[in-house]
Structures are given as C-alpha cells and as structure tokens.
Amino acid sequence: MPLEAALDRARTEGLDLVEISPMASPPVCKIMDYGKFKYEEKKKASEAKRAQVTVLLKEVKLRPKTEEHDYDFKVRNTRRFIEDGNKAKVVIQFRGREITHKEQGTAILDDVAKDLKDVAVVEQMPRMEGRLMFMILAPTPKVAQKARELVRQAATAAKRTPPPGAPGAGKPAGASSGAGEKAEVEGADEEKKEAQAAPAAAEAQSPTAS
C-alpha cells in the first residue's frame, strides 16, 4: 500500500501509522493506537521487572575471637538472607597481632560454610585483602529456585489485587457508608418524635367534657 494511502487510512480510523520493521524491503508498518501500545509495553516491562529476583550481597563481619552467642546470631541472620535468594560475604576482621593467626579466621569461615551447607555453597573460597579475610556464599540451586518462585507468586498476587482508589478496593461487600447510616438513624428519630406528638395533638383537638 502506498505511504499516502496508509496515512489517510490511519487518519480516517483515528489511529497512528507505526513503522515496525524499518529494515524490511519494503518497510513494514502497522496501523495502531500508539499511545495504548506504549502503555501496554510499559506495563509488561513493569510486570517482568517485578517478577525478577534482585540478588543482593550482604556483608557479615566476624572477629577471630567472636563469642559463640554472637556467632550463632550472625549465622542465623545469614541463613535467612540466603534463603531469600541473596548472597553473603562473610568477613573476618583482624586487629593488631591477630593477623599472625590467620588459621583462626580460616577455621571460622569453615565453620560458617558447614553450618550453612544445607542452604549455601561457597562461591568464592577464603582469601585475604589487607587485614580482612573473606569468602562469598551463594544459595544452592534448590534454595535459589524456591526464592524465585516466591517472588513470582508475590508478583502474581500484586497483579490481582486492585490498586488503591479503584472501585471496590478495600471495601467489603455489603458495607454501607457512614452518611447512609446517619440518614437512617435520623429518619428513625423523626418517626419517634412524630409518634410521641400524635397523642398530644389528638387530645388538644378533642372537645372537653362538660
């Protein structure tokens, strides 16, 4: 179809002529509502982004002389973080002459890896950087898959939930507004007043016995 004819047809239908394959010979165009098309593309991209798992790297610091209670607390937090599909950088910080006992740091990192072996694998083996020794733990394939499924389920649930302000959002079926309840109560009060005034009016209008 000639370009002018295609433009005339698009104008007649109140739509846009969009070039979708400029490298084709001849170029391929499509008549569409371009604004609606861009909106749907943005919506799809937003939904895809919501369904993606963003992997974070959490740093956990320990000392060669970290007490058992503090060690257990940090390992539990690291476990929860990894179960969410993230990675953990476990760091041993040496101070002063502690640097001469690097084997203590290696032993602590080995303990962490053993305590988390059911949910994590060692992605980067222990290494030194100045006075810091660290290793990186990543979730096991099974844990990572479970985290992705949870993110997809949350994204699906968010998609089904109506946005705030939408008709019916956040309001149970059959609920009445406060204004309606007030009007109903006021109407009942008026009926009560009329019922109380009726006998008095009848007595005033009746003739007095002589």
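The set of residues in region 49-68 being of a type in the set (K, R) and at pLDDT 90 or above consists of K58, K61, R63.
Could we say that A158 is loosely packed, with under 13 Cβ neighbours inside 10 Å and at pLDDT 65 or above here? For A158, the condition - loosely packed, with under 13 Cβ neighbours inside 10 Å and at pLDDT 65 or above - is met. Filtered by the rule that a residue be in a helix (DSSP H, G or I), crowded, with 18+ Cβ neighbours inside 10 Å and out of contact with any Pro (no Cβ under 7 Å at 6 or more places or on another chain), region 109-118 gives a lone residue, V112. Apart from one condition, V55 fits all of (1) assigned to a helix (DSSP H, G or I); (2) in contact with a Gly (Cβ under 8 Å, 6 or more places away or on another chain); (3) of a type in the set (A, V, I, L, M); the exception is (1). Hey, could you check region 127-143 for residues that are touching a residue at least 40 places away in the same chain (Cβ under 8 Å) and in a strand (DSSP E or B) and say which is nearest to the chain's Cα centre (by Cα)? Top of the filtered list is P139.
Can you name the residue in region 119-150 that is among the acidic types (D, E) and over 14 Å from D84 (Cα atoms) and is also surrounded by the most Cβ atoms within 10 Å (Cβ to Cβ) among such residues? Looking at residues that are among the acidic types (D, E) and over 14 Å from D84 (Cα atoms), I get E123. Criterion first (in contact with a Ser or Thr (Cβ under 6 Å, 6 or more places away or on another chain) and either over 24 Å from L150 (Cβ atoms) or assigned to a strand (DSSP E or B) (or both)) does V90 satisfy it? Considered against the rule, which asks whether it is in contact with a Ser or Thr (Cβ under 6 Å, 6 or more places away or on another chain) and either over 24 Å from L150 (Cβ atoms) or assigned to a strand (DSSP E or B) (or both), V90 comes out as no.
Just wondering, is there one or more residues in region 62-75 that are among the aliphatic types (A, V, I, L, M) and in a helix (DSSP H, G or I)? Scanning region 62-75, I find at least one residue that is among the aliphatic types (A, V, I, L, M) and in a helix (DSSP H, G or I), so the answer is yes. You will find that of A24, A107, the residue that is more than 27 Å from G130 (Cα to Cα) and of a type in the set (A, V, I, L, M) is A24 and no other.
This table checks each residue for (1) of a type in the set (A, V, I, L, M); (2) within 19 Å of K117 (Cβ to Cβ); (3) without any contact (Cβ under 8 Å) to a residue 24 or more places away in the chain.
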residue	(1), (2), (3)
M1	yes, no, yes
A24	yes, no, yes
Y34	no, no, yes
P64	no, no, no
H69	no, no, yes
D72	no, yes, yes
T78	no, yes, no
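All of T54, T12 fail the test of being exposed (fewer than 13 other Cβ atoms within 10 Å of the Cβ), β-branched (V, I, T) and within 30 Å of R148 (Cα to Cα), apart from T54. A single member of L7, L3 is at pLDDT below 80 and over 38 Å from the mean Cα position of the chain (by Cα), and it is L3.
The values are calculated or read from the model by the stated rules, or taken from the named source; none is laboratory data. Only a predicted model underlies this, so the values are computations on that prediction, with no experimental measurement involved. With ideal geometry, Cβ positions are generated from the backbone for all residues, glycine too; neighbour counts draw on all protein chains shown.
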